[in-house]
1. Would you check if there is a residue in the stretch 57-79 being surrounded by 10 or more Cβ atoms within 10 Å (Cβ to Cβ), hydroxyl-bearing (Ser, Thr, Tyr), at pLDDT below 95 and farther than 20 Å from LEU112 by Cβ?
2. Being of a type in the set (A, V, I, L, M) and surrounded by 12 or more Cβ atoms within 10 Å (Cβ to Cβ) is the filter here; which residues of the stretch 29-56 pass it?
3. Going through SER109, SER86 one at a time, which residue ends up being in a helix (DSSP H, G or I), loosely packed, with under 11 Cβ neighbours inside 10 Å and either over 16 Å from the mean Cα position of the chain (by Cα) or at pLDDT 85 or above (or both)?
Amino acid sequence: MNNHHGQSQQSSESKHDDDAALTDFLASLMEYTPTVPDELVEHYLGKSGFQCPDVRLTRLVAVATQKFVADIASDALQHCKARQASVVKDKRDKQQKDKRLILTMDDLSKALREYGVNVKHQEYFADSPSAGLDTASRDE
């Protein structure tokens, strides 16, 4: 029985530590300016039927949104690098002077698909680096 009491006390201390960490985190959100503005988060929360006067909750959603977008952008970049690395292997004979990474809709779609977001784009979207440029710009 002593052991059970010790576990209960340890569990209580752990819960107190978690509560303190959460309180500190929520307080820090008041001083944080997220990349996604509060007004934008409030707009979309309102459109979904959610109303909350607590700015900390709005900022928590903004931080989660920022993380989500950053993860998708990072994954899309990895898809882009992998795609362009395979192109370089295919064209090893030609030295590529242009080391720019060109993110395509396909790279973004693959990254979004990993998060359960399916994107269908029209065939007229430009997925080539020279699409939409005039002929003088293409030669550069």
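The values are calculated or read from the model by the stated rules, or taken from the named source; none is laboratory data. This is a predicted model, so every value here is computed, not measured. Glycine gets a Cβ as well: all are built from the backbone with ideal geometry, and neighbour counts include every protein chain shown.
1. yes
2. Residues satisfying the conditions are LEU29, VAL36, LEU40, VAL41, LEU45, VAL55.
3. Just one listed residue meets the conditions, SER86.
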